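The values are calculated or read from the model by the stated rules, or taken from the named source; none is laboratory data. Keep in mind the model is a prediction, meaning the values are calculated, not measured. No Cβ is skipped: glycine too gets one built from the backbone with ideal geometry, and neighbour counts run over all protein chains shown.
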Amino acid sequence: MRLANRTRNLTSFKVVDFLEAAQALEAEGRDIIHMEIGEPRYPTADPIVMAARQALTDGRTGYTPSCGIPELRQAIADHYQRCHGLDIDPRRVIVTTGSSAALGMVCELLLNPGDGLLLADPGYPCNPNFVRRLDAEPQLVPVNAADNYQLTGELVAQHWQTNTVAAMVATPSNPTGTVIGREQLGELHRAVSDQGGALIVDEIYHGLTYGDAPAPTILSLTDDTLVINSFSKYFGMTGWRLGWMVVPESVVDTLTVMAQNFYIASPSIAQYAALAAFQSETLAILETRRQEFRQRRDYLVPALQALGFVIGRPPEGAFYVYADVSALTDDCEAFCWWLLREHGIACTPGTDFGHHLARQHVRFAYTESLPRLQLAVERLTKALT
Ligand SMILES: Cc1ncc(COP(=O)(O)O)c(C=O)c1O
């Protein structure tokens, strides 16, 4: 079969390679601590599961409106009111099949072949592939601890090229867990607008921050931006494949036509279930989990530092620690395979997240329980000392 040229430019999602290798070892009877995949290891909260059962009983199994059932779009809008005091028109909320579909759609909305999209390096591995799929150009901007591992207004101005049309950030970030402050979000938006471009902000890890205040949403500064979010992480619904976007009124119709054509509708059962995600009972469960994530982060960061991992910026959110391993190895991939095969710890090599200093970094996810993380540190101690 002759495949399209663009398929040759796609890069594999290394975290999945490691997950599959870890699962193969488990099938042989080995105990593996999963610190590779970015998935909360909690079952979906009970009220959501019960709402899904009810939706099945009620026969809610057909296609829904392409942009989502109105009750869910309203519930998401209300969520912004509750968390950020914002009045969002539910028409601007578009429900998608995971934020992955939203990422693909915003790229399709903005990029012609040959156009460029600025992305932070390191960043979420799939983003460059969404861009390549359109024969457009991912323009990776090296970011460092000094920049909080995020694009800044200054970096945008410096790296904007004649073919660049947009910039995308994630806050909190995957893989570094860093959050973009309100002022920096404003600077970013100004820098992108000055170039006549569009700003995409992936807020999928919102809700999972460990300071006193929630991470600021760009929507509190401007409506002129494309915001992406998901039920996967904070709401613990990875397998339900449900996300959303909040977009300017001017692009709602175009995105509606895309949704109609590209996936008809998001999963109906998941949408009815997600209505229960905003109930106070569910939010109380999610708050307990958030506190557990915080405890794990507070344990893992100093424990890794004591073992020689250098953490350039303390993670403020998500559930990842991005660690410099140059004191321990000069090849993060070989290091990760060794940790997996010899010591039963699965983690992700920095090379999954870009090119910039990638070989000297590893990402640890703290999605397993505290006792399992303590066991991981015990195994690491044995491996490295
Ligand atoms: C930054 C970021 N954006 C988007 C996604 C996609 O998530 P989903 O399609 O499950 O919403 C992920 C998944 O790990 C992610 O880390």
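Looking only at segment 234-285, residues that are in contact with a Lys or Arg (Cβ under 6 Å, 6 or more places away or on another chain) and among the aromatic types (Phe, Trp, Tyr) come to 1 in all. Among the numbered conditions (1) buried (at least 21 other Cβ atoms within 10 Å of the Cβ); (2) not in a loop (DSSP other than H, G, I, E, B), tell me where PRO40 comes up short. Failed condition: (2). What do you reckon, is THR176 in the same structural domain as ASP224 (by TED's automatic domain parsing), in contact with a strand residue (DSSP E or B) (Cβ under 6 Å, 6 or more places away or on another chain) and within 16 Å of the ligand (Cβ to nearest atom)? For THR176, the condition - in the same structural domain as ASP224 (by TED's automatic domain parsing), in contact with a strand residue (DSSP E or B) (Cβ under 6 Å, 6 or more places away or on another chain) and within 16 Å of the ligand (Cβ to nearest atom) - is met.
Out of the residues in segment 12-37 that are charged (D, E, K, R), assigned to a helix (DSSP H, G or I) and without any contact (Cβ under 8 Å) to a residue 40 or more places away in the chain, which is surrounded by the most Cβ atoms within 10 Å (Cβ to Cβ)?
Step one: of segment 12-37, the residues charged (D, E, K, R) are 14, 17, 20, 26, 28, 30-31, 36.
Narrowing the set further to residues that are assigned to a helix (DSSP H, G or I) leaves 14, 17, 20, 26.
Add one more test, that the residue is without any contact (Cβ under 8 Å) to a residue 40 or more places away in the chain, and what stays is 17, 20, 26.
Values: ASP17: 17, GLU20: 10, GLU26: 14.
Going through the qualifying residues, I end up with ASP17.
Which of the residues spanning segment 99-118 are more than 11 Å from the ligand (Cβ to nearest atom) and among the hydrophobic types (A, V, I, L, M, F, W, C)? Result: MET105, VAL106, CYS107, LEU109, LEU110, LEU111, LEU117, LEU118.
Within segment 317-331, the set of residues being within 16 Å of the ligand (Cβ to nearest atom) and out of contact with any strand residue (DSSP E or B) (no Cβ under 6 Å at 6 or more places or on another chain) comprises ALA318 only.
Having 1 or more residues that are surrounded by fewer than 23 Cβ atoms within 10 Å (Cβ to Cβ) is the bar; report the strands (runs of 3 or more DSSP E) wholly within segment 73-183 that clear it.
Values: elements: 93-96, 116-121, 137-142, 164-170.
Once the strands (runs of 3 or more DSSP E) in segment 73-183 are filtered for at least 1 residues that are surrounded by fewer than 23 Cβ atoms within 10 Å (Cβ to Cβ), what remains is 116-121, 137-142, 164-170.
Condition first: in contact with a strand residue (DSSP E or B) (Cβ under 7 Å, 6 or more places away or on another chain), on the phi < 0 side of the Ramachandran plot and either buried (at least 16 other Cβ atoms within 10 Å of the Cβ) or outside the structural domain of GLY104 (by TED's automatic domain parsing) (or both). Can you find one or more residues in segment 272-287 that meet it?
no
Considering only residues in segment 184-209 that are among the hydroxyl-bearing types (Ser, Thr, Tyr) and crowded, with 21+ Cβ neighbours inside 10 Å, the one that is farthest from the ligand (Cβ to nearest atom) turns out to be THR209. State all residues of segment 330-380 that are on the phi > 0 side of the Ramachandran plot and either in a helix (DSSP H, G or I) or small (Gly, Ala, Ser) (or both); if no residue qualifies, say none. The answer is GLY344, GLY354.
Restricting the search to helices (runs of 4 or more DSSP H) fully inside segment 225-312 and requiring at least 3 residues that are among the aliphatic types (A, V, I, L, M) and away from the ligand (no atom under 15 Å from the Cβ) gives 252-262, 280-306.
A quick yes/no check of all residues on (1) touching a strand residue (DSSP E or B) at 6+ places or on another chain (Cβ under 8 Å); (2) closer than 28 Å to PRO214 by Cα:
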site	(1), (2)
PRO47	no, yes
ALA51	no, yes
ALA55	no, no
PRO70	no, yes
VAL95	yes, yes
SER100	yes, yes
CYS107	yes, yes
LEU117	yes, yes
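Could you please give the count of residues in segment 58-72 that are more than 16 Å from the ligand (Cβ to nearest atom), farther than 30 Å from GLN195 by Cβ and in a loop (DSSP other than H, G, I, E, B)? Step through it out loud before you land on a result.
Within segment 58-72, the subset more than 16 Å from the ligand (Cβ to nearest atom) is 58-67, 69-71.
Retained after the next criterion (residues that are farther than 30 Å from GLN195 by Cβ): 58-66, 69-71.
From what is left, the residues that are in a loop (DSSP other than H, G, I, E, B) are 58-66, 69.
Adding up the residues that qualify gives 10.
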